[in-house]
Every structure is written in structure tokens, then in C-alpha cells.
1. Filter the stretch 120-142 down to residues that are surrounded by fewer than 13 Cβ atoms within 10 Å (Cβ to Cβ), at pLDDT 95 or above and in a helix (DSSP H, G or I), then give me how many there are.
2. Can you list residue pairs whose Cβ atoms sit under 6 Å apart, with the first residue in the stretch 5-20 being over 14 Å from residue 127 (Cβ atoms) and the second being crowded, with 17+ Cβ neighbours inside 10 Å? Count only pairs 6 or more apart in sequence or on different chains.
3. Cβ-Cβ under 6 Å, sequence separation 6+ or interchain: first residue in the stretch 153-167 and surrounded by 13 or more Cβ atoms within 10 Å (Cβ to Cβ), partner part of a helix (DSSP H, G or I) and among the β-branched types (Val, Ile, Thr). Which pairs?
4. Quick one: which residue in 11, 46 is modelled with pLDDT of 95 or more, closer than 30 Å to residue 148 by Cβ and either touching a Phe, Trp or Tyr at 6+ places or on another chain (Cβ under 9 Å) or open to solvent by less than 20 Å² (accessible area, probe 1.4 Å) (or both)?
5. Sort through 16, 98 and tell me the only one that's open to solvent by 30 Å² or more (accessible area, probe 1.4 Å), modelled with pLDDT of 95 or more and either closer than 18 Å to residue 161 by Cβ or touching a His at 6+ places or on another chain (Cβ under 8 Å) (or both).
6. Within the stretch 59-80, identify whether any single residue is hydrophobic (A, V, I, L, M, F, W, C) and part of a loop (DSSP other than H, G, I, E, B), and answer yes or no.
7. With the checklist (1) at negative phi; (2) touching a Lys or Arg at 6+ places or on another chain (Cβ under 9 Å); (3) open to solvent by less than 30 Å² (accessible area, probe 1.4 Å) in hand, flag the one item residue 52 doesn't pass.
Amino acid sequence: MNATSPEMIAGGLLIVRVVIGILMMGHATQKLFGWLGGYGLRGTGGFFEQLGFRPGVVFAAAASLGELTSGLLVALGLFGPIGPALMISVMLVAMLTVHRSNGLFAATNGIEVPLLYATSALGFALVGFGDYSLDAALGIGSVWTPAITLAALAVGVAGAVGNLALRRLPSAEPKQA
């Protein structure tokens, strides 16, 4: 068995998928429940309000549920590009609203971590989840044609753009003369 054998490829995809999916689910539970050092919906909602997403708790819940669902679908290898498209959507918003002004690397709260999640998700959407996935076990892996995959990714990007369009930044206070 060489490194490019179907078993090695499927095993590699399984490992990366499960790690990325579980980490994304953990990331979501920080927002939803305050687990793993997170702030829960109220705390995260307050932060979202500062970012211009109002009502903050609603946007925080939507982001958290998108992260939780995407992480679960990716970890299980279920429903092809749907989970990756959700993950990309949420991570694009995070990159553009929270991390962009901080540079690239995580040490300065830059875009590194959401970029890694989004890039991993894009890879899964384009390559598929592999033979050790629920898509393969259920026989639905072939449903995800390139056209459907690209459409799902486009919907994910459109969701991010729509979310950003709803953002309302506080206006600067007028200067007194």
C-alpha cells in the first residue's frame, strides 16, 4: 500500500475531517453555551453588537448554529459540500469583521485560524469526504456533482455577503464646532 492508495487517501481525509469538524463544533459551543472558555450567547451577542450585528444574540446564535452544523457535517462526512459551504460562510464573516485588521497570524488575532477552517472546508467541498464517510456509506457521494458543489459554495459565499450587508456600524458622532 503506497501513500496514494485509496485506503490511505480515505484515512487521511477521515483524520483531517474529524479534527476540523470537532474543533469547529467546539468553537461553536463557546458561543452557544460558554463552554471551553467561551462567553455564551449573551457575551458573544454583546460582542456581535459591537461589530454592528444587531440584535447581537440573534446573529451570535445564527453564527454558532452554522458553525455547529458545519462542524458536525464535516466530521461525519455527510451531505457533501453543504457543511463546507456553511463553514466558509461563517469564517468569511469572521475574517472580514473580526480578524482582517489584525494581520495574518493568530498571535495578533489575525485571519490565520478562520482562513485555515475556510480553506479546509473548500478542500473538502472540492475533493469530497472520501470512502470513510457517511456520504460513501449511504451511497450519496456521487450526488455531489461539480455543478452542485459550486452552487453550494456560491450560496455559502452569498450568505456571508448577505450577513455582512445586514451589519450596521455605529456612526461617528458629529464634531462640535
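1. Total satisfying the criteria: 2.
2. Final answer for the pair search is 18/75.
3. Close Cβ pairs (under 6 Å, with a partner that is part of a helix (DSSP H, G or I) and among the β-branched types (Val, Ile, Thr)) amount to 156/88; 160/93; 163/93.
4. Only one candidate qualifies: 11.
5. Only one candidate passes the filter, namely 98.
6. Within the stretch 59-80, one or more residues are hydrophobic (A, V, I, L, M, F, W, C) and part of a loop (DSSP other than H, G, I, E, B).
7. (1)
The values are calculated or read from the model by the stated rules, or taken from the named source; none is laboratory data. Everything quoted here is computed from the prediction, not taken from an experiment. Glycine also receives a Cβ, built like all others from the backbone with ideal geometry; neighbour counts cover every protein chain displayed. These accessible areas exclude ligands, DNA and RNA; they are computed on the full protein's heavy atoms, side chains included. Shrake-Rupley method; radii C 1.70, N 1.55, O 1.52, S 1.80 Å.
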